[in-house]
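**Student:** Quick one: structure below, then a few questions.
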Protein chains: 6
Amino acid sequence: MQRLIEGLHHFQSQVFGSQRELFERLAQGQAPETLFITCADSRIDPCLLTQSAPGDLFILRNAGNLVPPYGAVRGGEAATIEFAIAGLGVKDIIVCGHSHCGAMKGLLDPPPATAFPALSDWLSHAEATRRIMHEKYADRTGAEQLNVAIQENVLAQLENLRTHPVVASALAQDKLRLHGWVYKIETGEVFVYDPATRQFALAPTPPEAPAREERERVSVEV
Amino acid sequence: MQRLIEGLHHFQSQVFGSQRELFERLAQGQAPETLFITCADSRIDPCLLTQSAPGDLFILRNAGNLVPPYGAVRGGEAATIEFAIAGLGVKDIIVCGHSHCGAMKGLLDPPPATAFPALSDWLSHAEATRRIMHEKYADRTGAEQLNVAIQENVLAQLENLRTHPVVASALAQDKLRLHGWVYKIETGEVFVYDPATRQFALAPTPPEAPAREERERVSVEV
Amino acid sequence: MQRLIEGLHHFQSQVFGSQRELFERLAQGQAPETLFITCADSRIDPCLLTQSAPGDLFILRNAGNLVPPYGAVRGGEAATIEFAIAGLGVKDIIVCGHSHCGAMKGLLDPPPATAFPALSDWLSHAEATRRIMHEKYADRTGAEQLNVAIQENVLAQLENLRTHPVVASALAQDKLRLHGWVYKIETGEVFVYDPATRQFALAPTPPEAPAREERERVSVEV
Amino acid sequence: MQRLIEGLHHFQSQVFGSQRELFERLAQGQAPETLFITCADSRIDPCLLTQSAPGDLFILRNAGNLVPPYGAVRGGEAATIEFAIAGLGVKDIIVCGHSHCGAMKGLLDPPPATAFPALSDWLSHAEATRRIMHEKYADRTGAEQLNVAIQENVLAQLENLRTHPVVASALAQDKLRLHGWVYKIETGEVFVYDPATRQFALAPTPPEAPAREERERVSVEV
Amino acid sequence: MQRLIEGLHHFQSQVFGSQRELFERLAQGQAPETLFITCADSRIDPCLLTQSAPGDLFILRNAGNLVPPYGAVRGGEAATIEFAIAGLGVKDIIVCGHSHCGAMKGLLDPPPATAFPALSDWLSHAEATRRIMHEKYADRTGAEQLNVAIQENVLAQLENLRTHPVVASALAQDKLRLHGWVYKIETGEVFVYDPATRQFALAPTPPEAPAREERERVSVEV
Amino acid sequence: MQRLIEGLHHFQSQVFGSQRELFERLAQGQAPETLFITCADSRIDPCLLTQSAPGDLFILRNAGNLVPPYGAVRGGEAATIEFAIAGLGVKDIIVCGHSHCGAMKGLLDPPPATAFPALSDWLSHAEATRRIMHEKYADRTGAEQLNVAIQENVLAQLENLRTHPVVASALAQDKLRLHGWVYKIETGEVFVYDPATRQFALAPTPPEAPAREERERVSVEV
Ligand SMILES: [Zn+2]
Ligand SMILES: [Zn+2]
Ligand SMILES: [Zn+2]
Ligand SMILES: [Zn+2]
Ligand SMILES: [Zn+2]
Ligand SMILES: [Zn+2]
């Protein structure tokens, strides 16, 4: 905790100054174009990963990057999605799973429900993933099994996402696109789902890297 | 979206290399000491704000940084909290509200329930905040009203947090501390709740700033 | 009621005899290949419409032919779907809406919630339909508006259906197909959704009508 | 599926013509006098069994012909019942169980909850039946046990039905009657519950069978 | 509060002594024969009213003496009823309404849902009462309307009670009887529902008053 | 039951007369200053214990004196608390556990969920208590374990109580005080929680016992 307090101080005294303009502008209002849904896992930093600045990503995080189907829980996920689309007009939603995900490990090898009652309940929203693993990939084991589960779970959550009325309506109007990603912590790679091939593949190299120069990530500019 | 793909590429080609060792170590497992609960608002970057590195903060984010009381929703919040404490053994939980919070604006001035049904439901978990504003601070208006609501809401969510069995038990064993923060976007300041004075006050300046040097934030090292 | 008792008697004394063999065989067990989901509307007779015999169709009916997303209600829809797929191994699911649907009228022009509290709640599972009508088809009125709503609702319920784990897993294994139908009461026509054109079109004329002769509908044989 | 498409075609080209008048009239509106609640089982055709025509029966079907008590699920059963009584003014409600019911077998001999989680949840609304079987009929086994369970379950669901406000109010005003039936697939017989004797007995032979002649079942007329 | 502390002291020093034997025996275990369900209203003292001693009545109290149907809330009512019957084997359940009931006033004339959100929700379990008042007794007003509502509500809650599996099973085994009472505060009278006449009538005078002498109420003996 | 009918008669003919004035006044309205929450256990008589008269205590009773956190069940507890504070303006809330509590025994040694499904669900609101017992007091057994659980449960329920908006708001305005009690049946003693020492201790002897004389308990006056 002491380290975090120091971090606040360091941010205030050393970092904030160079970003003052951005933050003062943001205080007037946010206009993110993307809703980024990912796991609560400490190893994921969505801004670092996508080299985004404050104001770029509206971020929903929970254990396992799950999106309960609409109506399944009257919880934070539905409200956050609704706010992002109907309130802020985001144009893209990314569901980003990741390697070594503890929640997915828990799905494949459930912890005792007496010790983790809330987690057990929560993983019922990944029951489609569990069933697909059990019925389609019964022969997979170990790391391969976990990796398949992580990918299938991203797809299952995208299906869940489609039942949210704001998502369904924006899709029907061609105002929104959904994306499935898997982030590999140990290599920094991101695999993107391609509906055409029904496969995850390495994120494509962008054609014009130079364009990137014009807009650096805030924390890099520090 | 194009910008994010470029960001991934930039991260991979320019940033990851210098952090490879950290990420390879993290791939073996995470051991965060803090659960950081904050709003989905795009203007908040918990890692930037606390100058934390990947692996430091287990992060739960939703619209309004709400924590429904235990049992109120079988949702992501309870599971994420349970995983953080019973699974990872975090020692501190920070509930961090922020200035200009759209969810708190929605609490004080509810959007039409037909347009935002999920958000309306969700804000019922901040009903204590709403009631306190209505009954105790009926005379406040405008920015002052919003700021009080943001602070009271952090306190209300801390009460909700105490009903979670993993929290209650860790507190009973003196293994966990709860913290209430409010982040002011336009100044980069963080106000911390002090139970003794029952007031929020600027985060204290840490005594030994030099210690900070030893452990830089990843993104700064880039 | 008197008429129904008479009907039972007539069935027993005049109809059952010629079907005895079928019913005795069915008493050993059912093996339907199709789950037919339609409205409770009295004007729909799925067996008549599809010229099916007892044993052919596993039938789920409720007001509005809704399928709440998985987890949204711990109700009859999820259990019936699960039983149909995991218990009976059905290969096709048809969601069949219909013209002049009272539930869809109620969705477009909600009845007072005090008089219809349960129906109001229930229609929340067609909230995606309502939102699409409101945002995409705001210019439609009258009969045209109702017809579009009936079609969009079939599609919305198909999305909801995909979140059910048994459905998701059977689809992932290519063991199940989903179909969207709209039955027009006044003409006896059925319109089938074509994912390729993203349109509903009249059910295609089957190539070999003669094949039909081999297997008559039970009630026709009477 | 091919067979069903052929059936649609056959219905359209061969059957609909002779019923055109009925269907065109029904397109103006329905006025069923009975709500028929039965199992999704493919072997039950309520219209065939009662020799009813389109327009006669408002039909609710799910696995096990269960009616959760009011408020127990915000699902299709409550809405369909409410619509039938408050919207259509039906005068009779029949809860019709049947021999060889798979749901009742599942109640007596629960399938694994991991394979049938939704069904397990759903059967909680037949918990009264299960408890009665366990406590009052512990000595019954096999087919006899199943038959008693099927009968007791119809009675339990009638009790559940009474908690629905529209039912309670219509009963208090003597505008509605409730009926418990069990349909025996292999013989085509229907057993009706008699509150006076507290027994199920074969449906009584109607006094004037000739009256039946005046109104044939649609599918018979084909 | 000071008065209550004084009351505790008075009880301890002046009252407990003469009842020591009873309380020491009760510490070994309770064996109440009756579950008494009544309103939280401060004017009702079930023990005083029935001249019962500690150990006689298992008592469930909430605003409006409501009993949600089984499964409608996973709350205290179902658990208390289950414990009373399956755990303690009570033989009678009394649902006791009362004159001037604030909850019933709230049902007939709903308080603002923003000020009383939980009460508004809770009264949905008396929706059958409300609907009966609205549809059957629309001509009643004032005190008469309230009194009818209080009586009808007792009957509605008895119906709800019958859906609880432990109740249904005990009734099926003739091990339990249900009773509907209304207590009139200003006269001390109790009106008992008579299923034969379908009326509430003054509790009958017991034949042998002398028998009463043998077993005095504890507080009277003080 | 015969005894209770006799009790009613005895109350009416022998007791009510001397209290007529009080009851007639109470019929005009109640104004209790305290909400007393305790177990349904037959051995507890809150009025006897605190020597209170009708009109003094608003009383909520259920198995285990549990108070689910706000939103956890849409049940009687939340509504009763809301009515007590927002409707009646009570100034004190007492949560009173007791020795030999069957619900707490069930928490420590769960009964079979098939026999007690509702109780098992209900005890999830004492999950914090269970977890504290398991993690902090794993070394306690027998009567000592039960006594600690009873005390810890009172504290856990006080935390749950704080999440109710009416409670949170009244506390924020210093209009309400919360109290934790444990009643020892065999000695008639009450132990009161002292937040300063974080211990339960015998209720303090009130300074001026004479004051008590002015206001006798109704049942004593009989
Ligand atoms: Zn993860
Ligand atoms: Zn915010
Ligand atoms: Zn319809
Ligand atoms: Zn069946
Ligand atoms: Zn009352
Ligand atoms: Zn107890």
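The values are calculated or read from the model by the stated rules, or taken from the named source; none is laboratory data. Fair warning: this is a prediction, and the values are worked out from it, not measured in the lab. Every residue, glycine as well, gets a Cβ built from its backbone with ideal geometry; the counts of neighbours run over all protein chains shown. Quick note on the areas: whole protein, heavy atoms, side chains included, nothing else; ligands and nucleic acids left out. Shrake-Rupley method; radii C 1.70, N 1.55, O 1.52, S 1.80 Å.
**Student:** Given N residues in region C:162-208, what is its alpha carbon radius of gyration divided by 2.2 N^0.38 Å? Let's see the in-between values first.
**Tutor:** Details: Rg = 13.7 Å, N = 47, 2.2 N^0.38 = 9.5 Å.
So the Cα radius of gyration is 1.45 times the expected 2.2 N^0.38 Å.
**Student:** Test of understanding: extend the Cα→C-beta vector of E:H134 to 7 Å, then name every residue of region E:144-179 with backbone N under 16 Å from that spot.
**Tutor:** Output list for this probe position: E:149, E:153.
**Student:** When you look at the Cβ of every residue in E:104-113, what mean number of other chain Cβ atoms sits within 10 Å? Don't skip to the answer; put the middle values down first.
**Tutor:** Values: counts 0, 0, 3, 0, 0, 0, 1, 4, 0, 0.
The shielding value for this peptide is 1.
**Student:** Amide H to amide H under 5 Å from E:F200: which residues, 5+ apart in sequence or cross-chain, H placed 1.01 Å off N in plane?
**Tutor:** E:D194
**Student:** Please find, in a Gaussian network model of chain F (springs between Cα atoms separated by less than 10 Å), the residue of F:T205, F:T34, F:T80 whose mean-square fluctuation is greatest.
**Tutor:** Its mean-square fluctuation being the largest, the pick is F:T205.
**Student:** Normalised by the number of residues in chain B, what is the relative contact order in percent for Cα pairs under 8 Å and 6+ residues apart? Write out the running numbers ahead of the final one.
**Tutor:** Values: 272 pairs, mean separation 49.5, N = 222.
Relative contact order here is 22 percent.
**Student:** Continuing with this model, one more query. In whole percent, how big is the carbon plus sulfur part of the accessible area of the protein assembly as shown, probe 1.4 Å, protein atoms only? Don't jump to the answer; show the numbers that get you there.
**Tutor:** Working: 23560 of 48240 Å².
For the protein assembly as shown, the apolar C and S fraction of the accessible surface comes to 49 percent.
**Student:** Can you give the local net charge around E:N65? Use residues other than it whose beta-carbon is closer than 15 angstrom to its beta-carbon, Lys and Arg +1, Asp and Glu -1.
**Tutor:** On the way: positive: E:R43, E:R61, E:K105, E:K184, F:R61; negative: E:D41, E:D45, E:E77, E:E152, E:E159, F:E77.
Charge balance in the 15 Å sphere: -1.
**Student:** I've got another one for you. Would you kindly derive the ³J(HN,Hα) couplings of region D:10-26 from the backbone phi angles with the Karplus curve 6.51 cos²θ - 1.76 cosθ + 1.60 (θ = phi - 60°), listing them in order in whole Hz, with x for Gly and Pro?
**Tutor:** 4, 4, 5, 7, 10, 9, 4, x, 6, 10, 3, 4, 4, 5, 5, 5, 4
**Student:** Also, quick follow-up: Using +1 on the beta carbon of Lys and Arg, -1 on that of Asp and Glu, and nothing else charged, what's the dipole of the protein assembly as shown about the Cα centre, debye to 20? Before the final figure, lay out each step's value.
**Tutor:** Numbers: 120 positive and 162 negative charges, 1 e Å.
Computed charge dipole of the protein assembly as shown: roughly 0 debye.
**Student:** Let me ask something else about it. Among F:Y183, F:Y193, F:Y137, determine the one that fluctuates most according to a GNM of chain F built with springs between C-alpha atoms less than 10 Å apart.
**Tutor:** Looking only at F:Y183, F:Y193, F:Y137, the largest GNM fluctuation is found for F:Y137.
**Student:** May I ask you to list the lysines whose Cα is less than 16 Å away from that of E:K175, ignoring any residue fewer than eight positions away on the same chain?
**Tutor:** D:K136, E:K91
**Student:** Just how large is the dipole of region F:30-202 about the Cα centre, in debye to the nearest 20, putting +1 at every Lys and Arg Cβ and -1 at every Asp and Glu Cβ?
**Tutor:** I would put it at about 200 debye.
**Student:** Taking only Cα atoms and a 10 Å spring cutoff, compute GNM fluctuations for chain A and point out the largest among A:V95, A:V154, A:V192.
**Tutor:** Between A:V95, A:V154, A:V192, it is A:V192 that shows the largest mean-square fluctuation.
**Student:** Taking a probe of 1.4 Å, how large is the accessible area per residue of the protein assembly as shown, in Å²? Provide the component values of the computation, followed by the final result.
**Tutor:** Details: 48240 Å² over 1332 residues.
Computed with neighbouring chains in place, this is 36 Å² per residue.
**Student:** Using modelled backbone amide H atoms (1.01 Å from N, in-plane), which distant-in-sequence or interchain residues come within less than 5 Å of E:Y70's amide H?
**Tutor:** E:T163, E:H164
**Student:** Putting +1 on Lys and Arg Cβ atoms and -1 on Asp and Glu Cβ atoms, find which of B:Q30, B:A40, B:T50 reaches farthest to the positive end of the dipole of region B:18-78.
**Tutor:** Comparing the listed Cα positions along the dipole, B:A40 ranks first.
**Student:** Okay, next question. Starting from a label point 7 Å past Cα on the Cβ side, list the distances from E:D109 to the same position in the other copies, nm, shortest first.
**Tutor:** E:D109 label point versus its equivalents elsewhere: 3.5, 3.5, 5.3, 6.0, 6.5 nm.
**Student:** Rounded to the nearest 500 deg cm²/dmol, what is the calculated helix-only ellipticity per residue at 222 nm for chain A, with -39500 (n - 2.57) per DSSP H run of length n ≥ 4? Write out the running numbers ahead of the final one.
**Tutor:** Values: 11 runs with 92 residues, N = 222.
Rounded to the nearest 500, the figure is -11500 deg cm²/dmol.
**Student:** Amide H neighbours of B:R177 under 5 Å, at least 5 residues apart or on other chains, H built in the peptide plane: list them.
**Tutor:** For B:R177, the qualifying residues are B:D92, B:I93.
**Student:** Residue-wise, which Karplus ³J(HN,Hα) couplings in Hz belong to region E:160-166, taking 6.51 cos²θ - 1.76 cosθ + 1.60, θ = phi - 60°, and x for glycine or proline?
**Tutor:** 4, 4, 5, 7, 6, x, 5
**Student:** Shortest first and in nm with one decimal, please list how far the E:S18 label point sits from its counterparts in the other copies (point 7 Å along Cα→Cβ).
**Tutor:** Output for E:S18: 1.1, 8.5, 8.7, 8.7, 9.0 nm, nearest copy listed first.
**Student:** Within region D:158-208, list the trypsin sites (Lys or Arg not before Pro) lying in a DSSP loop whose Cβ has at most 10 other Cβ atoms in a 10 Å radius. Provide the component values of the computation, followed by the final result.
**Tutor:** On the way: sites: D:R162, D:K175, D:R177, D:K184, D:R198; in loops: D:K175, D:R198.
Those that pass, being in a loop and sparsely packed, are D:R198.
**Student:** Can I ask one more? Calculate how steeply helix E:127-136 sits against the longest principal axis of the alpha-carbon atoms of chain E, using the helix alpha-carbon long axis, and give the answer as 0 to 90 degrees to the nearest 10.
**Tutor:** It works out to around 50 degrees.
**Student:** Which residue of chain A is nearest the rotation axis onto chain C, counting by its Cβ, and what is the distance in whole Å?
**Tutor:** Nearest to the symmetry axis by Cβ: A:P69, 2.
**Student:** Also, I was wondering about something else. With no solvent and one equal point scatterer placed on each C-alpha of region D:30-202, evaluate the Debye formula and give log10 I(q)/I(0) for q = 0.16 Å⁻¹, two decimals.
**Tutor:** Summing over Cα pairs of region D:30-202 leads to -0.96.
**Student:** How much FRET efficiency would the formula 1/(1 + (r/R0)^6) give for E:Q14 and F:A113, where r is the Cβ-Cβ distance and R0 is 45 Å, rounded to 0.05?
**Tutor:** On the way: r = 45 Å, r/R0 = 1.00.
Step by step, r from the Cβ atoms, then E = 0.50.
**Student:** Relative contact order for region F:130-197 using alpha-carbon pairs under 8 Å, separation at least 6, rounded to a whole percent? If you can, show how the numbers build up before the last one.
**Tutor:** Working: 36 pairs, mean separation 14.2, N = 68.
Relative contact order, region F:130-197: 21 percent.
**Student:** Counting protein heavy atoms only and a 1.4 angstrom probe, how many square angstrom of accessible surface do chains F and E bury in total, to the nearest 100? Could you put the intermediate results ahead of the total?
**Tutor:** On the way: alone 13250 and 13240 Å², together 18450 Å².
For chain F against chain E, roughly 8000 Å² becomes buried.
**Student:** For the protein assembly as shown, what's the radius of gyration and Dmax over Cα atoms, in angstrom?
**Tutor:** 32.5, 103
**Student:** Right, another one. Work out from phi, with θ = phi - 60° and the Karplus expression 6.51 cos²θ - 1.76 cosθ + 1.60, the ³J(HN,Hα) of each residue of region D:107-115, listed in order in whole Hz, and give x for Gly and Pro.
**Tutor:** These are the phi-based 3J(HN,Hα) values: 6, 6, 9, x, x, x, 5, 6, 8 Hz.
**Student:** Residues of D:90-102, mean number of Cβ from any other protein chain within 10 Å of their own Cβ, rounded to a whole number?
**Tutor:** Details: counts 1, 1, 2, 0, 2, 0, 0, 0, 0, 1, 5, 0, 5.
What the average comes to for D:90-102 is 1.
**Student:** Still on this structure, I have one more. What average number of partner chain Cβ atoms lie no more than 10 Å from the Cβ of the residues making up F:123-132?
**Tutor:** Numbers: counts 1, 5, 7, 1, 11, 11, 3, 3, 12, 7.
Mean shielding count: 6.
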